[in-house]
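Only the coordinates and a few stated rules stand behind these numbers; no lab work does. Quick caveat: nothing in here was measured; it's all calculated off a predicted structure. A quick note on method: Cβ atoms are made from the backbone with ideal geometry, for glycine too, and the neighbour counts reach across all protein chains shown.
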Amino acid sequence: MTLRANQLSRLPEIEHDVLIIGGGINGAVAAAALAGRGSKVALIDKRDFAGFTSQHSSNLAWGGIKYMESYDFRLVRELCKSRNHLIENYPSVVQEIRFFATIRRGFRWHPLFLWMGAWLYWLIGSGFTRTPRLLSRSQIQREEPVVNADNALGGFEYSDAYLYDNDARFVWRFIRSAMDAGCVAANYVESLGSRRESGCWVTRAREVLSGREFEIRSRVLINAAGPFVDEHNKLSDQTTRHHHLYSKGIHLIVDRITPQRRVLAFFADDGRLFFVIPMGPKTCIGTTDTRVEDPISEVTPEDRKFVLDNINKCLKLQNPLTEADIIAERCGVRPLAIESSGENARDFLQLSRKHAVDVNETDRHMSIFGGKLTDCINVGDEICEFVQQLGVTIPEPTRKWYGEAPAEVKADYLRRAAEIDLDSYTPETSSEQLTQRLWRRYGAEAIQMVEAIRQDPRQAELLIDGTEYLRCEIRQAAEREMIVKLEDFLRRRSKISLVVRREDIRDAQGLKEACEILFGDQARAKFEEYFIGQPPVGVVMPETESEEALSESLNW
């Protein structure tokens with residue numbers, strides 16, 4: 001029985017302490033916190049884990065420097081503390097990075113004033129990061145020649161943090177942690193609505209692939225459906241103090257713009273911060289901030305033009321970026337939590353990503369609104385407190401549920417890795433880089449992967465050309481990461497589809513073998529589902545590739 005089949009069979013078997021609906025960052029940390037402290041938890045998502053908003057972030061864990069302009073210093077303080085906490089507890093994954101901000105002439109604030117603000121931001125953040133720097137126009141030109149400093153007045157540099165890999169992989173880390181602690185979790189399971197019955201929640205669920213329906217019983221129900229929280233509350237007859245507004249943000253991924261591992265920050269034409277962010281061998285640029293009425297969104301020609309126009313003004317490139325340079329796109333909505341009265345009058349662009357939890361004590365129901373990756377550990381801790389307030393005993397309420405494996409586990413891993421001559425197996429990358437990469441992605445599970453390489457050197461081979469992923473990583477995904485569709489692996493457990501063009505992925509040597517490892521006798525069907533079916537959101541499909549041409553080119 002596969003891991004997912006086992007999890008599906010367990011969902012209706014028992015009455016859970018808590019059922020969580022939604023496997024984005026809020027649902028993932030709620031599950032990890034509760035399961036890590038001994039509660040009986042179940043989690044379902046109608047898509048893949050992190051399959052919606054949580055896969056479309058800027059990959060930044062930042063303290064919210066932009067909220068200083070609206071004098072939200074308390075929020076900035078809390079976000080800085082959360083950022084620092086993430087860096088301390090996930091040092092391999094969440095790392096400090098410098099933001100190199102250029103200020104053009106005529107901007108509403110002078111660089112000196114912004115530099116002073118950056119010092120205040122540093123102080124609010126307890127001086128945890130490197131100190132800010134004031135930049136002259138000549139320094140900008142010397143240190144980042146790619147920046148168009150012709151109309152620059154100066155700039156400043158400060159620190160925040162970012163996710164070294166990708167946001168969806170970070171969410172998966174919490175899902176896996178929850179499952180290791182006993183949580184029953186399954187992706188592609190849709191909630192059809194929940195009802196109260198004899199003091200218990202009964203949720204009607206549907207397995208999306210087969211259409212099979214079943215019921216899940218729980219003492220507490222947590223709605224962590226991200227942008228769809230309001231929609232699911234209607235299905236469960238819940239009225240809340242908060243609801244969501246939606247802000248669409250897009251990013252474009254292009255070839256690497258600067259060799260420096262730093263974020264280039266500018267102010268776009270509408271005055272908002274605009275970033276050029278490292279993404280492995282590529283660069284992610286954006287973002288937009290467009291109010292929309294529907295959580296289902298897509299990149300429009302106007303969005304692309306806005307991002308490309310702004311980046312071409314900010315950079316001094318040999319050839320301006322065009323749509324032909326776009327490797328992949330990210331498009332998602334930020335669910336902004338607002339109260340039913342009072343906040344609607346606030347400037348939309350000034351609304352923060354703070355989270356809110358509405359609790360219905362009578363029904364033992366919770367709704368999580370808003371939130372961001374930076375604040376995720378606080379969300380997990382808060383959910384545990386609320387569950388206890390609802391009368392559900394948490395066996396180990398003070399147990400730490402987050403963070404990387406202990407130092408002695410990492411030392412054991414490094415010792416085992418050093419005993420193998422990885423350089424001879426993977427000439428494309430150094431042994432040190434490979435060792436760090438496996439630990440960063442898999443933590444303690446990397447020990448088994450090194451042992452697999454020891455027993456079979458072929459497990460250290462790059463299986464898919466143009467990527468960093470080894471054969472043992474594909475096997476790990478097949479056995480431990482609940483891959484249902486090829487998109488789950490290419491887009492969320494890895495970031496392959498974000499940094500490699502669709503046609504290059506399709507033609508990559510070893511992809512078919514990877515599909516066979518992931519899906520067995522369903523390999524061809526899953527391959528064709530991804531490449532011939534409707535392209536997943538964020539996958540740029542060349543206009544010249546018709547379905548017929550694709551069918552002829554696959555040659556399975």
Any chance you could check the Cα centroid distance between the stretch 18-70 and the stretch 122-168 for me, in angstrom? 29
List the aspartates and glutamates whose Cα lies under 16 Å from the Cα of K46, skipping any in the same chain that are fewer than 8 positions away. E190, E207, E213, E215, D230, E231, E487, D488
Sorted peptide list for 302-309, 362-369, criterion being average Cβ within 10 angstrom, highest first: 362-369, 302-309
Over the chain: helical MRE at 222 nm, DSSP H runs n ≥ 4 each giving -39500 (n - 2.57), nearest 500: -10000 deg cm²/dmol
Counting only Cα, what are the radius of gyration and maximum Cα-Cα distance Dmax of the stretch 183-248, in Å? 13.0, 41
With contacts defined as alpha carbon pairs under 8 Å and 6 or more residues apart, what's the relative contact order of the stretch 167-237 in percent? 22
Pairs K40/K248; K354/K526; K40/K354; K40/K282; K81/K248; K248/K512: which exceed 30 Å Cα-Cα? K40/K248; K354/K526; K40/K282; K248/K512
Tell me, what ³J(HN,Hα) does each residue in the stretch 301-307 have, in order and in whole Hz, if you take phi through Karplus 6.51 cos²θ - 1.76 cosθ + 1.60 with θ = phi - 60° and put x for Gly and Pro? x, 5, 4, 4, 4, 4, 5
Could you put I257, I65 in order, starting from the residue whose Cβ has the fewest other Cβ atoms within 10 Å? I257, I65
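Kindly put T398, T374, T129 in sequence by how many other C-beta atoms sit within 10 Å of each C-beta, fewest to most.
Ordered from fewest to most neighbouring Cβ atoms within 10 Å, T398, T374, T129 come out as T398, T129, T374.
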Taking the dipole about the Cα centre of the chain, with the C-beta of Lys and Arg at +1 and of Asp and Glu at -1, give me whichever of I175, S138, H242 is farthest to the positive side. S138
Starting from one equal scatterer on each C-alpha and no solvent at all, send me the Debye-based log10 I(q)/I(0) for the stretch 247-299 at q = 0.21, 0.28 Å⁻¹, two decimals. -0.79, -1.06
Taking Rh as the Kirkwood radius computed over alpha-carbon pairs of the stretch 460-514 and applying Stokes-Einstein at 10 °C with viscosity 1.306 mPa s, one gets a diffusion coefficient in µm² s⁻¹ of 142
Cα gyration tensor of the stretch 390-523 diagonalised, 5x eigenvalues square-rooted, in angstrom largest first, produces semi-axes 28, 22, 13
Compactness check, the chain: C-alpha Rg relative to the 2.2 N^0.38 Å globular estimate gives 0.96
Taking a straight Cα-to-Cα line shorter than 15 Å from K410, and setting aside same-chain aspartates and glutamates fewer than 8 residues away, one finds E419, E432, E445, E451
Rounded to whole angstroms and listed largest first, the alpha-carbon spread of the stretch 157-281 along its three principal axes comes to 60, 35, 28
Determine by what factor the alpha-carbon radius of gyration of the stretch 1-108 differs from 2.2 N^0.38 Å, reporting the quotient. 1.48
About the Cα centre of the chain, how large is the charge dipole given +1 on each Lys and Arg Cβ and -1 on each Asp and Glu Cβ? Please answer in debye to the nearest 20. 1500
For peptides 18-24, 510-516, sequence by mean Cβ density within 10 Å, most packed first: 18-24, 510-516
